[in-house]
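The values are calculated or read from the model by the stated rules, or taken from the named source; none is laboratory data. Since this is a predicted model, take the numbers as computed values, not measurements. Positions of Cβ are backbone-derived with ideal geometry, glycine not excepted, and every protein chain shown enters the neighbour counts. Accessible surface is based on the protein model in full, side chains and every heavy atom, while ligands, DNA and RNA are left aside. Shrake-Rupley method; radii C 1.70, N 1.55, O 1.52, S 1.80 Å.
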Amino acid sequence: MASLIRLHLPLPLSPGATLATSEAQAHYLGAVMRRRAGDRLLVFNVESGEFAASIDRLDRRSVHLVIGERTRAPAPEPDCWLCFAPIRRDMTELVVEKATELGVSRLVPVLTARTQPARLRADRLAAIATEAAEQSERLTIPAIAEPLPLAGFLAAFPPSRRLFVAAERRHAAPLSPVDPLQPHALLVGPEGGFAPEELDAMARHAFVSSVTLGPRILRAETAAIAGLARLLAGSAPS
Ligand code: SAM
(Lines give C-alpha, C1' and ligand atoms only; values in the text may rest on other atoms or scores of the structure.)
Protein backbone atom coordinates (compact mmCIF):
# COMPACT_ATOMS: atom_id res chain seq x y z
CA MET A 1 0.00 0.00 0.00
CA ALA A 2 1.35 3.47 -0.90
CA SER A 3 2.32 5.48 2.18
CA LEU A 4 -0.03 8.28 3.19
CA ILE A 5 0.95 11.93 3.10
CA ARG A 6 2.08 13.03 6.59
CA LEU A 7 1.76 16.63 7.67
CA HIS A 8 3.13 18.37 10.73
CA LEU A 9 0.15 20.14 12.33
CA PRO A 10 1.23 22.09 15.44
CA LEU A 11 -2.24 22.08 17.04
CA PRO A 12 -3.77 19.86 19.75
CA LEU A 13 -4.97 16.72 17.94
CA SER A 14 -7.87 14.56 19.15
CA PRO A 15 -10.39 12.26 17.44
CA GLY A 16 -13.35 14.19 16.00
CA ALA A 17 -11.61 17.59 15.98
CA THR A 18 -11.83 19.66 12.79
CA LEU A 19 -8.63 21.59 12.10
CA ALA A 20 -7.39 23.82 9.31
CA THR A 21 -3.96 23.50 7.69
CA SER A 22 -1.71 26.42 6.80
CA GLU A 23 -1.93 28.04 3.36
CA ALA A 24 1.34 26.37 2.30
CA GLN A 25 -0.01 22.95 3.30
CA ALA A 26 -3.28 23.69 1.43
CA HIS A 27 -1.25 24.48 -1.70
CA TYR A 28 0.74 21.27 -1.27
CA LEU A 29 -2.33 19.07 -0.73
CA GLY A 30 -4.58 20.66 -3.35
CA ALA A 31 -2.36 22.00 -6.13
CA VAL A 32 0.71 19.76 -5.85
CA MET A 33 -0.66 16.43 -4.63
CA ARG A 34 -4.16 16.87 -6.15
CA ARG A 35 -5.91 15.61 -3.03
CA ARG A 36 -9.70 15.92 -2.80
CA ALA A 37 -12.43 15.85 -0.13
CA GLY A 38 -12.56 12.40 1.48
CA ASP A 39 -8.86 11.61 0.91
CA ARG A 40 -6.93 10.28 3.90
CA LEU A 41 -3.60 11.39 5.37
CA LEU A 42 -1.68 11.43 8.66
CA VAL A 43 -1.03 14.43 10.90
CA PHE A 44 1.38 14.66 13.83
CA ASN A 45 3.11 16.79 16.39
CA VAL A 46 5.36 16.21 19.37
CA GLU A 47 2.68 16.77 22.04
CA SER A 48 -0.19 14.76 20.52
CA GLY A 49 1.57 12.02 18.51
CA GLU A 50 0.28 10.93 15.10
CA PHE A 51 -3.38 10.70 13.99
CA ALA A 52 -5.29 9.54 10.91
CA ALA A 53 -7.19 12.38 9.25
CA SER A 54 -9.44 12.90 6.26
CA ILE A 55 -10.04 15.95 4.10
CA ASP A 56 -13.40 17.58 4.82
CA ARG A 57 -13.08 20.48 2.36
CA LEU A 58 -10.35 22.36 0.52
CA ASP A 59 -9.93 25.89 -0.60
CA ARG A 60 -6.89 27.88 -1.68
CA ARG A 61 -6.17 29.21 1.80
CA SER A 62 -6.61 26.08 3.91
CA VAL A 63 -7.68 22.48 3.99
CA HIS A 64 -10.13 21.48 6.70
CA LEU A 65 -9.30 18.09 8.18
CA VAL A 66 -11.35 15.79 10.38
CA ILE A 67 -9.07 14.05 12.84
CA GLY A 68 -9.55 10.29 13.27
CA GLU A 69 -7.93 7.68 15.52
CA ARG A 70 -4.48 8.08 17.02
CA THR A 71 -1.95 5.94 15.13
CA ARG A 72 1.12 6.68 17.32
CA ALA A 73 1.46 7.96 20.86
CA PRO A 74 4.10 10.60 21.70
CA ALA A 75 7.42 8.85 22.32
CA PRO A 76 10.93 9.96 23.22
CA GLU A 77 13.24 10.56 20.28
CA PRO A 78 17.08 10.76 20.26
CA ASP A 79 18.58 13.67 22.20
CA CYS A 80 21.25 14.30 19.58
CA TRP A 81 22.44 17.71 18.37
CA LEU A 82 24.30 18.21 15.13
CA CYS A 83 26.64 21.18 15.45
CA PHE A 84 28.22 22.10 12.15
CA ALA A 85 30.25 24.83 10.49
CA PRO A 86 28.04 26.13 7.66
CA ILE A 87 29.30 25.14 4.22
CA ARG A 88 28.03 25.89 0.69
CA ARG A 89 24.32 26.67 0.81
CA ASP A 90 23.18 23.58 -1.10
CA MET A 91 25.38 21.33 1.04
CA THR A 92 24.16 22.93 4.28
CA GLU A 93 20.60 22.25 3.11
CA LEU A 94 21.55 18.64 2.35
CA VAL A 95 23.00 18.27 5.85
CA VAL A 96 19.82 19.70 7.43
CA GLU A 97 17.64 17.28 5.44
CA LYS A 98 19.75 14.18 6.11
CA ALA A 99 20.38 15.01 9.78
CA THR A 100 16.61 15.35 10.25
CA GLU A 101 16.00 11.98 8.57
CA LEU A 102 18.63 10.42 10.85
CA GLY A 103 16.90 11.80 13.95
CA VAL A 104 18.72 14.86 15.36
CA SER A 105 16.81 16.99 17.85
CA ARG A 106 18.68 20.26 17.25
CA LEU A 107 20.85 21.77 14.53
CA VAL A 108 23.44 24.30 15.67
CA PRO A 109 25.47 26.30 13.12
CA VAL A 110 28.92 27.06 14.58
CA LEU A 111 31.19 29.71 13.08
CA THR A 112 34.82 28.58 13.19
CA ALA A 113 38.04 30.30 12.07
CA ARG A 114 37.88 28.74 8.62
CA THR A 115 34.10 28.89 8.07
CA GLN A 116 33.33 30.56 4.74
CA PRO A 117 30.83 33.40 5.26
CA ALA A 118 27.38 32.23 4.14
CA ARG A 119 23.93 33.64 4.80
CA LEU A 120 21.72 30.97 6.35
CA ARG A 121 18.02 31.37 5.63
CA ALA A 122 16.37 30.17 8.83
CA ASP A 123 12.89 29.92 7.22
CA ARG A 124 14.21 27.77 4.35
CA LEU A 125 16.16 25.48 6.69
CA ALA A 126 13.07 25.11 8.93
CA ALA A 127 10.95 24.17 5.88
CA ILE A 128 13.53 21.57 4.79
CA ALA A 129 13.63 20.09 8.31
CA THR A 130 9.81 19.95 8.50
CA GLU A 131 9.52 18.20 5.13
CA ALA A 132 12.25 15.70 6.08
CA ALA A 133 10.51 14.95 9.41
CA GLU A 134 7.19 14.40 7.62
CA GLN A 135 8.81 12.05 5.11
CA SER A 136 10.91 10.09 7.60
CA GLU A 137 7.97 9.38 9.96
CA ARG A 138 9.33 11.33 12.90
CA LEU A 139 7.04 12.85 15.52
CA THR A 140 9.25 15.89 16.10
CA ILE A 141 10.85 18.65 14.05
CA PRO A 142 14.44 19.53 15.02
CA ALA A 143 15.02 23.03 16.34
CA ILE A 144 17.44 25.19 14.36
CA ALA A 145 19.59 27.43 16.54
CA GLU A 146 21.05 30.82 15.69
CA PRO A 147 24.68 30.58 14.47
CA LEU A 148 27.26 31.02 17.25
CA PRO A 149 31.01 31.67 17.07
CA LEU A 150 32.95 28.64 18.33
CA ALA A 151 34.08 30.35 21.58
CA GLY A 152 30.50 31.37 22.45
CA PHE A 153 29.20 27.94 21.47
CA LEU A 154 31.67 26.24 23.84
CA ALA A 155 30.93 28.71 26.66
CA ALA A 156 27.18 28.08 26.36
CA PHE A 157 27.44 24.31 25.82
CA PRO A 158 25.72 22.36 28.65
CA PRO A 159 28.50 20.44 30.43
CA SER A 160 26.22 17.44 31.07
CA ARG A 161 25.93 16.81 27.29
CA ARG A 162 28.75 14.87 25.58
CA LEU A 163 30.27 16.65 22.61
CA PHE A 164 31.96 14.45 20.00
CA VAL A 165 34.28 16.58 17.87
CA ALA A 166 35.01 15.04 14.47
CA ALA A 167 38.76 15.51 14.13
CA GLU A 168 40.55 14.13 11.09
CA ARG A 169 44.33 13.79 11.24
CA ARG A 170 44.34 13.47 15.07
CA HIS A 171 44.85 10.25 17.00
CA ALA A 172 41.27 9.98 18.22
CA ALA A 173 39.01 7.09 19.18
CA PRO A 174 36.56 5.84 16.53
CA LEU A 175 33.04 7.21 16.96
CA SER A 176 30.71 4.50 18.34
CA PRO A 177 26.92 4.38 18.79
CA VAL A 178 25.63 5.93 22.03
CA ASP A 179 22.43 5.59 24.05
CA PRO A 180 20.30 7.86 21.84
CA LEU A 181 18.25 9.16 24.77
CA GLN A 182 21.34 10.41 26.63
CA PRO A 183 22.19 14.04 25.74
CA HIS A 184 24.97 14.18 23.16
CA ALA A 185 26.15 16.21 20.16
CA LEU A 186 28.40 15.84 17.13
CA LEU A 187 30.49 18.81 15.93
CA VAL A 188 31.79 18.80 12.35
CA GLY A 189 34.20 21.42 11.01
CA PRO A 190 34.21 23.44 7.78
CA GLU A 191 35.72 22.47 4.43
CA GLY A 192 39.10 23.79 5.59
CA GLY A 193 38.88 21.82 8.85
CA PHE A 194 39.30 23.15 12.39
CA ALA A 195 42.39 25.26 13.09
CA PRO A 196 44.85 23.34 15.36
CA GLU A 197 44.34 25.90 18.16
CA GLU A 198 40.56 25.36 17.94
CA LEU A 199 41.03 21.61 18.36
CA ASP A 200 43.37 22.24 21.32
CA ALA A 201 40.88 24.65 22.94
CA MET A 202 38.02 22.17 22.53
CA ALA A 203 40.06 19.28 23.96
CA ARG A 204 40.46 21.23 27.23
CA HIS A 205 36.72 20.87 27.99
CA ALA A 206 35.76 17.80 30.02
CA PHE A 207 32.57 17.32 27.96
CA VAL A 208 34.54 17.01 24.68
CA SER A 209 35.70 13.73 23.10
CA SER A 210 37.66 13.94 19.84
CA VAL A 211 36.62 11.18 17.45
CA THR A 212 37.66 9.83 14.09
CA LEU A 213 35.33 8.68 11.33
CA GLY A 214 37.98 6.50 9.73
CA PRO A 215 41.15 6.95 7.72
CA ARG A 216 39.67 8.95 4.81
CA ILE A 217 39.34 12.73 4.76
CA LEU A 218 35.61 13.17 4.24
CA ARG A 219 33.89 16.25 2.93
CA ALA A 220 32.13 18.12 5.73
CA GLU A 221 28.64 17.02 4.60
CA THR A 222 29.77 13.39 4.34
CA ALA A 223 31.33 13.59 7.81
CA ALA A 224 28.09 14.95 9.31
CA ILE A 225 25.90 12.28 7.70
CA ALA A 226 28.31 9.38 8.31
CA GLY A 227 28.92 10.50 11.91
CA LEU A 228 25.22 10.75 12.72
CA ALA A 229 24.49 7.39 11.09
CA ARG A 230 27.11 5.82 13.34
CA LEU A 231 26.08 7.67 16.52
CA LEU A 232 22.38 6.91 16.09
CA ALA A 233 22.78 3.32 14.90
CA GLY A 234 21.34 2.12 18.24
CA SER A 235 18.05 4.09 17.99
CA ALA A 236 14.96 1.89 18.21
CA PRO A 237 11.85 2.69 16.13
CA SER A 238 9.19 4.50 18.18
N1 SAM B 1 40.77 20.45 5.07
C2 SAM B 1 40.91 19.41 6.02
C3 SAM B 1 42.16 18.61 5.76
O4 SAM B 1 42.43 18.38 4.60
O5 SAM B 1 42.76 18.21 6.73
C6 SAM B 1 39.70 18.50 5.90
C7 SAM B 1 38.47 19.05 6.51
S8 SAM B 1 37.09 18.00 6.24
C9 SAM B 1 36.79 18.32 4.56
C10 SAM B 1 35.75 18.83 7.04
C11 SAM B 1 35.39 18.31 8.43
O12 SAM B 1 34.89 16.99 8.31
C13 SAM B 1 36.50 18.24 9.42
O14 SAM B 1 36.73 19.47 10.10
C15 SAM B 1 36.02 17.16 10.37
O16 SAM B 1 35.17 17.69 11.36
C17 SAM B 1 35.24 16.23 9.46
N18 SAM B 1 35.99 15.05 9.02
C19 SAM B 1 36.32 14.73 7.75
N20 SAM B 1 36.92 13.53 7.71
C21 SAM B 1 37.00 13.09 8.98
C22 SAM B 1 37.51 11.91 9.58
N23 SAM B 1 38.08 10.95 8.88
N24 SAM B 1 37.39 11.78 10.92
C25 SAM B 1 36.82 12.75 11.67
N26 SAM B 1 36.31 13.88 11.15
C27 SAM B 1 36.39 14.06 9.81
Filter result for residue 143 (more than 19 Å from residue 112 (Cβ to Cβ) and either modelled with pLDDT of 95 or more or open to solvent by less than 30 Å² (accessible area, probe 1.4 Å) (or both)):
yes
Restricting to the range 175-217, name every residue that is over 17 Å from residue 153 (Cβ atoms) and open to solvent by 60 Å² or more (accessible area, probe 1.4 Å).
176, 177, 179, 181, 182, 191, 196, 215, 216, 217
Please go through the range 56-81 and pick out each residue that is open to solvent by less than 40 Å² (accessible area, probe 1.4 Å), assigned to a strand (DSSP E or B) and within 30 Å of residue 153 (Cα to Cα).
80
Would you say residue 110 is within 30 Å of residue 51 (Cβ to Cβ), open to solvent by less than 60 Å² (accessible area, probe 1.4 Å) and assigned to a strand (DSSP E or B)?
no
Answer residue from the range 18-55, given it is open to solvent by 80 Å² or more (accessible area, probe 1.4 Å) and outside any helix (DSSP H, G or I) and is farthest from residue 142 (Cα to Cα) among those:
36
Inside the range 152-206, can you point out the residues that are in a loop (DSSP other than H, G, I, E, B), closer than 17 Å to residue 84 by Cα and within 16 Å of the ligand (Cβ to nearest atom)?
167, 168, 175, 189, 190, 191, 192, 193, 194, 195
Return a yes/no flag: does the range 48-55 have any residue that is out of contact with any Lys or Arg (no Cβ under 8 Å at 6 or more places or on another chain) and among the acidic types (Asp, Glu).
no
Number of the exception - residue 138 against (1) within 27 Å of residue 76 (Cα to Cα); (2) within 16 Å of the ligand (Cβ to nearest atom); (3) in a loop (DSSP other than H, G, I, E, B); (4) among the basic types (Lys, Arg):
(2)
Report yes if some residue within the range 40-53 is over 24 Å from the mean Cα position of the chain (by Cα) and over 30 Å from residue 188 (Cβ atoms); otherwise report no.
yes
Being part of a loop (DSSP other than H, G, I, E, B) and either hydroxyl-bearing (Ser, Thr, Tyr) or within 8 Å of the ligand (Cβ to nearest atom) (or both) is the filter here, so list the residues in the range 207-238 that pass it.
213, 214, 215, 216, 217, 218, 219, 235, 238
